[in-house]
Amino acid sequence: MAQSLKRSLALWWCVIMFCLGGLLLIEAWASAKRSADQALDGQLEAASLDIAEAIQWPDGSPMLEMPASALQILATRWQERVFYQLIGSQGELITSNTQLPISTRLHQQIRLAPVFANVEFQGSSLRLHGRQVTSAGWETQEPVEVWVAHTTEGREALAQTLVGGTLTRLAMTMLITGLILVFVMRAWLMPIRRLRQVLRGRKLDDYSALRVDVPAELRELTDTLDHLLERQDQHREALLRFIADASHQLRTPLAGLQNSSELALGSTDPERWRQALETIYQASGRTSRLAAQLLNLARLRHQVSQADLQNINLSALVRDSLMEWADRQQARGHDLGAELPEEDIWLQGEAWSLHELIGNLIDNALRYTPENTVITAGISRDAEGVSLWVEDNGPCSETDPQRWIAPFERAGLQGTEGSGLGLAIVASIAERHGAELKLSTRVPQGLRVCVQFPQGGADDQA
Amino acid sequence: MIRRKTLAGQKAGSGSGLSGCVRRALLPLLLAGLGSAAHAETLIIEGALDRDVFEPVLALFQQNNPDITLDYRDRSTLMVDTFARTAKPAPDVVISSAMPWQLALSNEGFSQRVDTEESRQWPAWAKWREELFGFTFEPIVMAYRLDLAAAMQPPSTHQDLLDLLLNHREELQDRVVTYSPLNSGIGDMLSQQDARYTPKMWDLVEAMGQVDAYEAGSSREMLEGLSSGKYWLAYNILGSYAMVWALHHPEVVVQVPNDYSLVMMRTAFVHREAQHPEAAFRFVDFLLSRQGQTVMAGETPLFSVRPDVVGPYTAQRLRDEVGDHLYPIPLNAALLALVDPLRRAAFLKRWQEAMAREE
């Protein structure tokens with residue numbers, strides 16, 4: 001993640017330029033040498049032709065007035081050391097200014113075509129050129145081998161100049177492409193910078209869509225950001241609503257407390273005091289329960305981590321919860337029961353929250369049903385996974401009980417003692433386990449709340 | 001020989017004014033600079049350049065470099081060439097006026113590259129491959145005795161000379177001398193160069209043959225012959241020697257040809273197998289230096305090449321006096337053609353035929 005786009009782009013550019021530049025240089029050197037050879041071989045050729053032209057046969061033996069121009073051409077403007085050798089048909093020397101190292105193979109080749117060769121001579125390298133000339137004479141027409149040679153300093157100098165030119169051009173190209181790259185990179189990164197500025201300059205409570213002009217490749221990112229903002233906005237709305245509701249819920253019992261205490265204070269009758277105290281006791285109990293549930297809900301909003309998950313015997317958990325509730329006063333008038341499969345059901349989960357979930361469901365069932373209602377908690381396993389459910393046969397007027405999941409919905413029974421948070425907590429816990437919370441009415445009457453855990457329990461939940 | 005001494009002595013006297021000053025100013029400086037590097041060395045120079053002409057240059061170099069023992073060997077061009085090729089141990093510096101032979105030696109690899117401050121700045125037309133350096137600028141002239149002027153209109157161009165030889169055959173019989181192409185490297189170069197410029201050269205050679213012209217091996221021989229009255233007219237003589245000679249020999253008149261005048265350069269190179277290369281580089285550097293060239297311009301008739309040198313004998317002054325018909329023999333590969341054995345043999349054959357031709 002820490003890798004810089006600029007740096008990696010620059011690195012790639014360097015690698016490409018290095019490889020390409022290396023190749024170009026090798027090619028440039030070869031072609032420069034070729035060009036230099038071509039240019040100066042031309043001068044060798046001109047010199048040999050010039051000398052050949054000067055050969056005459058006045059009286060049966062070759063005569064030659066060595067043309068000064070030929071030697072000057074041969075020397076080139078680099079003032080090479082120059083050598084020549086003219087050999088007759090019988091191998092006899094006509095004239096020369098040195099003994100050139102001409103191999104037999106070259107002597108054979110020259111009969112077919114003019115030859116060029118590089119030879120070593122007196123510790124320096126020479127470029128050698130030879131041609132065979134058949135000159136027309138009145139008495140003889142013998143072929144003459146004309147050999148010319150010069151040192152190669154000029155070729156090297158010329159090649160170096162040519163390569164130097166290429167090198168300069170290459171360096172210029174690198175510089176220009178480098179600059180272009182820098183500018184292009186700037187231009188490319190400009191939308192990102194703009195995006196960053198927009199994000200940085202944003203107010204905390206501004207969840208509107210980002211209005212930034214970005215290229216198509218970045219559109220996906222801004223769309224995702226917009227989507228995230230939208231979701232966060234919704235989440236925040238829900239949170240605000242929740243806080244407002246929670247405040248409202250807390251205000252009612254607190255107002256009751258105030259009223260009762262005020263009434264009691266206005267009276268001198270100890271019996272009234274006692275009644276007031278009792279009311280205050282009940283109301284404060286409800287309030288603290290409400291506060292505890294709010295705390296739970298807040299706690300559930302944290303992400304669950306893998307470390308919090310453990311293998312849980314769900315069957316035992318249901319059994320223990322039922323036992324726990326059966327002993328309480330609220331359950332006196334109800335018929336609590338369990339429907340568990342024979343073998344224990346295990347799943348990956350968070351022990352405290354699952355315990356809370358079952359507790360909440362039982363509490364809800366007890367709270368919102370009349371006496372003598374049959375309440376059954378159970379676990380069933382099918383192809384889709386494990387289901388934890390609680391059902392009752394109490395009256396239910398709601399056709400879409402799914403909406404009760406929202407906090408502070410009390411199944412249309414605003415007067416009852418519930419906090420309205422029970423199902424919301426259940427839904428949060430189910431969500432933490434990747435489970436689905438389903439509420440449905442029963443026939444002829446009653447409600448079924450089912451928590452459908454995915455296959456393998458909460459194994460794949462993070 | 002007496003005259004030579006006079007010449008040398010006069011030169012030494014006349015030149016002391018300017019260069020004496022220079023010497024006094026430079027000597028301590030140079031000595032200080034060289035003090036640490038000083039170690040005794042013998043510098044062997046093979047030179048086709050008269051020692052008594054060259055002496056002021058050698059003397060100043062000696063004075064500047066007391067750690068170097070000079071061994072200057074004054075020889076003919078032919079001997080210098082032979083010694084450069086064969087002497088063991090090889091000489092350190094080779095100086096000759098036979099430019100083609102020097103270039104051939106350098107081309108064959110007998111020279112080595114000189115890289116000093118002066119050599120780098122030396123004009124390109126007066127050096128070859130940074131190895132061979134032309135350090136003088138000597139015009140080739142005609143010289144005649146006053147006797148000739150009394151008898152006929154003296155020549156001022158090559159055409160005049162030809163006319164003169166044709167029209168005054170009787171008077172000039174046995175009284176004309178020229179450089180021998182056979183026995184001298186300079187003579188060979190000059191006559192071949194003449195023949196390169198114009199085919200009328202052969203008419204001139206034939207005309208010289210008609211008057212049975214002598215072929216001398218050196219300029220001095222020609223000058224002495226002129227002064228003694230043996231010759232009336234000398235063709236292709238080194239202007240440097242002739243001009244100084246004429247100063248003290250009023251009977252001799254020097255004529256720089258008005259149509260064209262060849263200019264020859266003495267060339268020097270450091271031998272590849274020089275035993276004392278450091279000293280040799282110093283010597284060549286000195287020849288090309290302002291100091292060395294000033295001595296040449298002031299105390300020798302060798303004519304300095306450098307434009308920044310002032311004196312009676314400088315290339316610039318010669319150009320001013322003679323005009324733009326000076327033809328310096330270029331120091332390039334074309335000179336090699338002149339030493340091609342076949343070409344040279346053909347040339348000498350033709351020369352001899354032309355000289356011997358009877359009408």
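Quick note: the coordinates plus some simple rules give every number you see, no bench work behind them. Just so it is clear, the structure is predicted and the values come from calculations on it, not from any experiment. FYI the Cβ positions are ideal-geometry reconstructions off the backbone, even for glycines, and counts take in every protein chain you see.
Worth a mention:
- Taking trypsin sites (Lys or Arg not before Pro) as exposed when DSSP calls them loop and at most 16 other C-beta atoms lie within 10 angstrom, chain A has its longest site-free stretch at A:333-441.
- Eigen-decomposition of the gyration tensor built on the alpha-carbon atoms of the stretch A:237-277 gives equivalent ellipsoid semi-axes of 33, 7, 4 angstrom, largest listed first.
- For chain A: rounded, prolate or oblate by the Cα gyration tensor [a/c cutoff 1.5]: prolate
- Alpha-carbon Rg/Rh ratio, for the stretch B:262-359, with Rh computed the Kirkwood way: 1.12
- Fully extended contour minus Cα-Cα distance, from A:Arg272 to A:Lys203, at 0.36 nm per residue: 19.3 nm
- Within the protein assembly as shown, helix-based [θ] at 222 nm, where runs of 4 or more DSSP H residues each add -39,500 (n - 2.57), nearest 500: -17000 deg cm²/dmol
- Summary of the geometry: the stretch A:1-79 and the stretch B:150-179, compared by the centres of their Cα atoms, lie 55 Å apart.
- Percent RCO, i.e. relative contact order, over chain B, from Cα pairs under 8 Å lying at least 6 residues apart: 25 percent
- For A:Thr104 and A:Leu175, a Förster radius of 45 Å and the Cβ-Cβ distance give a FRET efficiency of 0.25, rounded to the nearest 0.05.
- Of all DSSP beta bridges confined to the protein assembly as shown, the antiparallel ones make up roughly 75%.
- For chain B, the antiparallel share of DSSP beta bridges with both residues in that region comes to about 50%.
- Counting every other Cβ atom within 10 Å of each residue's Cβ, A:His227, B:His168, A:His334 order from fewest to most as A:His227, B:His168, A:His334.
- Derived value for chain B: Kirkwood hydrodynamic radius 20.9 Å. Basis is the mean of 1/r over every pair of different alpha-carbon atoms.
- Sorting B:Lys88, B:Lys127 from the fewest to the most surrounding beta carbons within 10 angstrom yields B:Lys88, B:Lys127.
- Residue separation of A:Lys6 and A:Leu24 scaled by 0.36 nm, minus their Cα-Cα distance, works out to 3.9 nm of gained length.
- When both the stretch B:74-135 and the stretch A:174-207 are represented by their alpha-carbon centers, they are found 71 Å apart.
- Surface/4 of the Cα convex hull for the stretch A:216-300, nm²: 6.6 nm²
- Diffusion coefficient of the protein assembly as shown by Stokes-Einstein, Kirkwood radius over Cα pairs, 4 °C, 1.567 mPa s: 34 µm²/s.
- Computed from the C-beta positions of B:Glu321 and B:Glu251 and an R0 of 30 Å, the FRET efficiency is 0.85 to the nearest 0.05.
- Net charge contributed by nearby residues that have their C-beta within less than 13 Å of A:Ile26 (K/R +1, D/E -1): +1
- Counting 0.36 nm for each residue step from A:Arg219 to A:Glu237 and taking away their Cα separation leaves a gain of 3.8 nm.
- Debye-sum result for the stretch A:306-453 in log10 I(q)/I(0), which assumes one identical scatterer on each alpha carbon, at q = 0.11 Å⁻¹: -0.38
- The phi torsions of the stretch A:250-255, fed into the Karplus equation with coefficients 6.51, -1.76 and 1.60 and a -60° offset, translate into couplings of 6, 5, 4, x, 5, 5 Hz, rounded to whole numbers, with Gly and Pro shown as x.
- Relative contact order [Cα under 8 Å, 6+ residues apart], the stretch A:193-277, whole percent: 19 percent
- Peptide A:89-102 - average C-beta neighbours from other chains (10 Å radius): 2
- Working from Cα pairs under 8 Å separated by at least six residues, relative contact order for chain A is 9 percent.
- If you plug the beta carbon distance of B:Ser228 and B:Leu70 into 1/(1 + (r/R0)^6) with R0 = 56 Å, you get a FRET efficiency near 0.95.
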